[in-house]
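Everything on this sheet refers to the single structure shown next.
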Amino acid sequence: MIIASLAFYLFAIMTVGSALMVIVARNPVHSVLFLILAFFSSAGLFVLLGAEFLAMILVIVYVGAVAVLFMFVVMMLDINFVELRQGFLEYMPIGALVAVILLVEIAMVAAAWHFAPEAPEAMAAPLATLGAGHNTEALGNLIYTKYLYLFQGAGVVLLIAMIGAIVLTHRRRPGVKRQDISEQVSRRRDQAVEMKRVEPGQGV
Amino acid sequence: MFVMLQTVFPDLSAATPEIFLFIVAMALLMVGVFAPAARAAAVVGRLALLSLVVALVMVLMQDGVKVATFENMFIVDRFAIFMKVLVLIGSALTLLMSGRFFAEMNARKFEYPVLVVLATLGMMMMISANDLIALYMGLEIQSLALYVLAAFLRDQERSTEAGLKYFVLGALSSGMLLYGASMVYGFAGTTQFAALAAVLKGGEVAPGIIVGIVFIAAGLAFKVSAVPFHMWTPDVYEGAPTPVTAFFAVAPKVAAIALFLRVMLEPFGGIAAEWRQVIVFLSVASMILGAFAAIRQNNIKRLMAYSSIGHVGYALLGLAVGTSEGIRAVLVYMAIYLTMNIGTFACILAMRRQGQYVEQIPDLAGLSKRNLPMAIIMMLLMFSLAGVPPLAGFFGKFYVFKAVMEMSALSSGWTVLAVIGVLSSVVGAFYYLRIVKVMFFDEALEPLDLPSGRELGLLMGLAGAFNLFFFPFAGPLLRAAGNAAAALF
């Protein structure tokens, strides 16, 4: 028990600390690296909660794909982050105010949830059908069996988004040399070499 | 510890037309990529048209017994079949008239027919939605494809502006709809239509449910462009490429009305008294604005936008009545509306001067001398849109007002609604007749070209003939609409 709480505090402190570093680090590359650390620590928290599937997804999707994408963006775009951060302290009071309001709201929601008489019932309700197996299996059963139709529908939405992005932005630029292996390999000698009889003293 | 959960494979037979269209869309993408670039767009366009027709046949072959599948998220009944037939006809005919337009604009791409097929798939999913989440999925598939279509002529500022405007406002309306759906889910505890109907049988209704219904209605009103959620319509209709405007005016509107009817009557039918006044307001405001705002328009596409706002008002009047008579009237109205708009947009697409597309009303001046058949068909369609007997448009309005007057025995307020409807259709007649006057009595400075291509002539002829000789179609249409409406009660 004590080990579990120790692990919890370790991961929690790591998460909050690295999240803080994401916004205060001067170098944007360091920010992204701290972001990855924050993701890892929250994955640890998920494991402690018994949600191993979410933990793995967090590592694979967020660390493996999203953070790397961020890294690309940070490195490829020429953004002057020092300049962007100029007004950081100026906006601090308003940001703090919003944060306090959010905190109070969350506390109110949690309190209402805690004291409502029907809350335990409602909390137990969605868990009843998920009782079987571990949560990877339960999630799979929900997504790929119960909500199969919606899952496929979401796939169609993404397909349309891809087609749309290509239709609206892709331009075929002339004069770009592309590699076409089959054409290169199937080139014959008489297409590539031309025999010329060069008169002496005149050049080609 | 593995516990094998029993998996029940969903019954796919009810959704075969949708599955077919989805597979076709993916196959057409492949065809478009691998076909020779010069012919890809034409080939894909033809195949897409063919597959819409095949899907239409598949829908017609379904027997109309109520079947729910995919864990009750997808439902097929006579109502769904009727609406899907309308949507597929609308999509196929507008696809037919678009090929030449894009070819002449030098913007013919194979993605266009694919997007039309995917949008149609979304509309069919909307019509068959039996769950709030499924409703949202269908709506998003349809809307996302439509945003791209609106901006399809990406080198024209008007078109991209239309696409962006539609996207931003559409996203807002989706947000409202989702908010409403989450309220309903929060207070009723389910998203399934059948379960919602069981929970909401009348009596005391939680205020959260009513707020949710109002937000859902607002989101749907945006999609059917009912006042006060109509602001996007004139700009998008004007800016989008004309065949896309024709598509917008026809298929998505029919699908959104179908969704509106099903959502209001199936899950929330038991508490109709709570939402009826909202629909009445939407309907009256749309009829009045559609009639008055169109008067000052000079661009015929903008005019058709206001005209469609007005027509949605009449259709919603039938929903406000909420009886099976009223719903039957809405279905007949939408079928007739579809033919009138297809014909009118075929005429608009035939408006060209020296190879350039024109879309101002004064450009039509002197059309009767240059091209009498087209002028006569346009005149018929305008009279039909205005609701002049004995054309089809008159019967559309007639059945709606008849359903309203049947309710007036219960409360005198309904008579007022019918009077407002008749008066606004009289005002609306002014701008339809103005087009007829311009075509027949104004002198042309420079005549329009003769239409090129057979498709437009064919569509104009079909639409004109349907509207002029509505009587033989009236019986079967009324019977089919009656059966479809009965499925909702």
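How many of the residues in segment B:346-358 are open to solvent by less than 50 Å² (accessible area, probe 1.4 Å) and either of a type outside the set (D, E, K, R) or under 14 Å from B:M378 (Cβ atoms) (or both)? Adding up the residues that qualify gives 8. Might you let me know whether segment B:49-65 holds any residue that is touching an Asp or Glu at 6+ places or on another chain (Cβ under 7 Å) and within 14 Å of another protein chain (Cβ to nearest Cβ)? Within segment B:49-65 (the criterion being touching an Asp or Glu at 6+ places or on another chain (Cβ under 7 Å) and within 14 Å of another protein chain (Cβ to nearest Cβ)), the answer is no, since none of the residues qualifies.
Could you check, for segment B:28-51, whether at least one of its residues is closer than 29 Å to B:V263 by Cβ and not in a strand (DSSP E or B)? Checked against the condition, which is being closer than 29 Å to B:V263 by Cβ and not in a strand (DSSP E or B), segment B:28-51 yields at least one hit.
If a residue has to be away from every other protein chain (no Cβ under 14 Å) and either surrounded by fewer than 22 Cβ atoms within 10 Å (Cβ to Cβ) or part of a helix (DSSP H, G or I) (or both) to count, how many in segment B:78-126 make the cut? So the answer is 25.
Look at (1) in a loop (DSSP other than H, G, I, E, B); (2) touching a residue at least 60 places away in the same chain (Cβ under 8 Å) and you find that B:P389 fails only one, number (2). Among residues that are out of contact with any strand residue (DSSP E or B) (no Cβ under 6 Å at 6 or more places or on another chain) and within 11 Å of another protein chain (Cβ to nearest Cβ), B:D155 is included.
Of all residues in segment B:448-458, those satisfying the criterion of being of a type outside the set (G, A, S) and either surrounded by 15 or more Cβ atoms within 10 Å (Cβ to Cβ) or in contact with a Leu (Cβ under 7 Å, 6 or more places away or on another chain) (or both) are B:L448, B:D449, B:P451, B:E455, B:L456.
Taking B:K397, is it charged (D, E, K, R) and open to solvent by less than 50 Å² (accessible area, probe 1.4 Å)? In short, yes. Scan segment A:38-53 residue by residue and report those that are of a type in the set (A, V, I, L, M, F, W, C) and either touching a His at 6+ places or on another chain (Cβ under 9 Å) or in contact (Cβ under 8 Å) with a residue 60 or more places away in the chain (or both). A:A51, A:F53, listed by residue number. Of the numbered criteria (1) within 12 Å of another protein chain (Cβ to nearest Cβ); (2) in a loop (DSSP other than H, G, I, E, B); (3) modelled with pLDDT of 85 or more, the one A:G133 fails is (3). A search for C-beta distances below 7 Å between a residue of segment B:301-316 that is open to solvent by 10 Å² or more (accessible area, probe 1.4 Å) and any residue that is outside any helix (DSSP H, G or I) and modelled with pLDDT under 95, counting only pairs 6+ apart in sequence or on different chains, returns B:Y306/B:Q297.
Check B:G208, B:G212, B:G170 and return the single one that is touching a Phe, Trp or Tyr at 6+ places or on another chain (Cβ under 8 Å) and within 14 Å of chain A (Cβ to nearest Cβ). Give the derivation first.
Working: B:G208 fails: within 14 Å of chain A (Cβ to nearest Cβ); B:G212 fails: within 14 Å of chain A (Cβ to nearest Cβ).
One residue alone meets the criteria, B:G170.
Tell me whether segment A:182-192 contains one or more residues that are under 24 Å from the mean Cα position of the chain (by Cα) and polar (S, T, N, Q).
Taking every residue of segment A:182-192 in turn, none turns out to be under 24 Å from the mean Cα position of the chain (by Cα) and polar (S, T, N, Q).
A single entry from B:F489, B:F471, B:F466 fulfils the requirement of being open to solvent by 30 Å² or more (accessible area, probe 1.4 Å), in contact (Cβ under 8 Å) with a residue 24 or more places away in the chain and under 30 Å from B:V67 (Cβ atoms): B:F489. In the condition set (1) open to solvent by 10 Å² or more (accessible area, probe 1.4 Å); (2) under 25 Å from B:Y357 (Cα atoms), B:A246 is compliant with all but (1).
What do you reckon, is B:V330 surrounded by fewer than 19 Cβ atoms within 10 Å (Cβ to Cβ) and either of a type outside the set (S, T, Y) or without any contact (Cβ under 8 Å) to a residue 40 or more places away in the chain (or both)? No; evaluated as a whole, the condition is false for this residue. Going by the structure shown, is A:E121 closer than 22 Å to A:N135 by Cα, open to solvent by 80 Å² or more (accessible area, probe 1.4 Å) and at pLDDT below 85? Yes: the conditions hold for A:E121. Which of the residues belonging to segment B:57-77 are assigned to a loop (DSSP other than H, G, I, E, B), surrounded by 15 or more Cβ atoms within 10 Å (Cβ to Cβ) and on the phi < 0 side of the Ramachandran plot? The answer is B:Q62, B:M73, B:D77.
Residue count for segment A:31-82 satisfying the condition of being more than 30 Å from A:N135 (Cα to Cα) and of a type outside the set (A, V, I, L, M, F, W, C): 3.
Can B:M97 be described as within 30 Å of B:R352 (Cα to Cα) and either of a type in the set (D, E) or touching a residue at least 12 places away in the same chain (Cβ under 8 Å) (or both)? Taking the combined requirement at face value, the residue satisfies it.
Please name all residue pairs, on different chains or six or more residues apart, with Cβ atoms under 9 Å, provided the first residue is in segment B:206-230 and is in contact (Cβ under 8 Å) with a residue 12 or more places away in the chain and the second residue is charged (D, E, K, R) and surrounded by fewer than 20 Cβ atoms within 10 Å (Cβ to Cβ). Final answer for the pair search is B:I209/B:E274; B:I210/B:E274; B:I213/B:E274. Counting residues in segment B:232-244 that are of a type in the set (A, V, I, L, M, F, W, C), under 18 Å from B:I89 (Cβ atoms) and under 18 Å from the mean Cα position of the chain (by Cα) gives one or more.
The residue that is nearest to B:A129 (Cα to Cα), among those in segment B:185-200 that are hydroxyl-bearing (S, T, Y) and modelled with pLDDT of 90 or more, is B:T191. For segment A:1-50, the set of residues classified as under 19 Å from A:V66 (Cβ atoms) and among the small types (G, A, S) consists of A:S18, A:A19, A:A25, A:S31, A:A38, A:S41, A:S42, A:A43, A:G44, listed by residue number.
Filter segment A:139-179 down to the residues that are assigned to a loop (DSSP other than H, G, I, E, B) and either in contact with a helix residue (DSSP H, G or I) (Cβ under 6 Å, 6 or more places away or on another chain) or closer than 24 Å to B:A38 by Cβ (or both) and list them by number.
Correct list: A:H170, A:R171, A:R172, A:R173, A:P174, A:G175, A:V176, A:K177, A:R178, A:Q179.
The values are calculated or read from the model by the stated rules, or taken from the named source; none is laboratory data. All values derive from a computational prediction rather than experimental measurement. Here the Cβ is made from the backbone with ideal geometry for all residues, glycine too, and neighbour counts use every protein chain on show. SASA here: full protein model, heavy atoms, side chains in, ligands and nucleic acids out. Shrake-Rupley method; radii C 1.70, N 1.55, O 1.52, S 1.80 Å.
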